[in-house]
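Peer 1: Submitted below is the structure of interest, expressed as structure tokens.
The values are calculated or read from the model by the stated rules, or taken from the named source; none is laboratory data. All values reported here derive from a predicted model rather than from experimental measurement. Note that each Cβ is placed from the backbone with ideal geometry, even for glycine, and that neighbours are counted across all protein chains shown.
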Amino acid sequence: MTGNRQREGRFRRIAPLVIGAIVLGACAWCAAQPPSPGAGAAGAGTTTAPTSQQDVVAGTSVSPVPELNPQAVLWETAEPPSNPQAGDVWIDPQSTMQMVYVAAGEFVLGTNNAQFEAWLQAYPGYDLSLFANERPQCRMRLGAYWMGRTEVTNAQYQVFVKATGHRPPNYWQAGNPPPALINHPVVGVKWEDARAYCEWAGGRLPTELEWEKAARGTEGRIYPWGNRWDCRRCRCFEALVGRPYFTMAEHKKAYGAWSKRHDALLEGPAPVGSHPGDVSPYGCFDMAGNVQEWCGDWHEIKAYERYARGDLTPAASGTQRSVRGGSWLLSDPGHFRCTTRYKGVPFGRGTFVGFRCVR
Ligand SMILES: [Ca+2]
């Protein structure tokens, strides 16, 4: 095993990450629609793509996934290594997913009153109802886990579809994702599709607590990169159209105008990892923007009150699943915070919702 562990002292492109495809969910404004005021809801020197993906994806492209953190180690072992350090990356040979190690330990979850007050100073008149279900703030200990370094791509999802016969997203053609979208996150997948993929890959969907820790690190960052909003760091509608902030009404009007001139599937989501500034302390990409992400939990409005009491027992039932992170079609800075809790009906196939796996 140690023979496969190699220090990352220089740039190493993780093989052409042939990821695949595209999505086209019928309604971009349905499923995981977030609350107002915005909208809806390599290393080791290896340079070749995994054979499994090369075999199934017509046309390859070089992944834009950024280089590893210089201190990180890339593991290319059959099973997850037994002695990783936080931020190390393991490439699962079956799924080709790159997984980032999140070490066991405490982290800050939720938002406190001082942060609410600071937010109101920065955005006078802001409707804090969006923040209502992420209190109280507390510290919580989680065990160690591996978190997807990026959202699952169309190419990766295609390997799963080929192997299992699972239903492909509606926007695919003849079982294949559009070649231009192979490195884009798979979207237009309902919660059960995401769950099935993760199970096939030997993992599962993250809990919202696992998602939040991987996104903000241990000390309670507001955004994956820090505490200051910067639309240039992530894939978001503000950056797409060059406007700084929208109310709900302004946003809908702006999106309506934009969508008449652009293809939302082709020009909305970006290739995974193509915004290197949208990176978490552990090295996970696109947790603020690009596409929103299914989590494994049933959405429970008062879950954070339960967490604060030390009760991590997940809700046994519900009507909507947890969704975390902002997306390319949102523009309100509040929507990109690591603590913003979204929800979506499990059968929704939004074109702005994808997922990543944990194990
Ligand atoms: Ca995301």
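Peer 1: If I filter the stretch 256-296 down to residues being among the acidic types (Asp, Glu) and under 14 Å from the mean Cα position of the chain (by Cα), which single residue comes out as nearest to ASN183 (Cα to Cα)?
Peer 2: Out of the qualifying residues, it is ASP286.
Peer 1: Another one. Scan the stretch 81-119 for residues that are more than 30 Å from GLU305 (Cα to Cα) and among the small types (Gly, Ala, Ser) and jot them down.
Peer 2: Of everything in the stretch 81-119, those that are more than 30 Å from GLU305 (Cα to Cα) and among the small types (Gly, Ala, Ser) turn out to be SER82, SER95.
Peer 1: Does GLU208 meet the test of being over 18 Å from GLY283 (Cβ atoms) and touching an Asp or Glu at 6+ places or on another chain (Cβ under 6 Å)?
Peer 2: Spelling it out, GLU208 is indeed over 18 Å from GLY283 (Cβ atoms) and touching an Asp or Glu at 6+ places or on another chain (Cβ under 6 Å).
Peer 1: OK, next. Here are some conditions: (1) closer than 24 Å to HIS299 by Cα; (2) at pLDDT 95 or above. LYS162 meets all but one. Which one does it not meet?
Peer 2: Just one mismatch for LYS162, condition (1).
Peer 1: Considering only the stretch 112-126, I want to know if a residue exists there that is more than 28 Å from GLY277 (Cβ to Cβ) and under 24 Å from the mean Cα position of the chain (by Cα).
Peer 2: no
Peer 1: Kindly indicate whether THR150 is more than 21 Å from HIS335 (Cβ to Cβ), β-branched (Val, Ile, Thr) and either modelled with pLDDT of 95 or more or touching a helix residue (DSSP H, G or I) at 6+ places or on another chain (Cβ under 8 Å) (or both).
Peer 2: Criteria not met by THR150.
Peer 1: Among the residues of the stretch 113-158, what is the count of those that are within 16 Å of the ligand (Cβ to nearest atom) and not aliphatic (A, V, I, L, M)?
Peer 2: Counting residues in the stretch 113-158 that are within 16 Å of the ligand (Cβ to nearest atom) and not aliphatic (A, V, I, L, M) gives 8.
Peer 1: Here's a follow-up. Enumerate the pairs (first residue in the stretch 314-336 and on the phi < 0 side of the Ramachandran plot; second residue anywhere and of a type in the set (Val, Ile, Thr) and more than 15 Å from the ligand (Cβ to nearest atom)) with beta-carbon separation below 6 Å, excluding pairs fewer than 6 apart on the same chain, so at least 6 apart or on different chains.
Peer 2: GLN320/VAL345
Peer 1: When you check LEU109 against the structure, is it out of contact with any His (no Cβ under 6 Å at 6 or more places or on another chain) and at pLDDT 90 or above, yes or no?
Peer 2: Criteria met by LEU109.
Peer 1: What pairs come up if the first residue lies in the stretch 288-302 and is over 24 Å from THR150 (Cβ atoms), the second is in a loop (DSSP other than H, G, I, E, B) and within 7 Å of the ligand (Cβ to nearest atom), and their beta carbons are under 9 Å apart, counting only those six or more places apart or on different chains?
Peer 2: From residues that are over 24 Å from THR150 (Cβ atoms), there are no pairs.
Peer 1: Name the residues in the stretch 300-345 that are farther than 30 Å from THR247 by Cβ and among the polar types (S, T, N, Q), would you?
Peer 2: THR313, SER317
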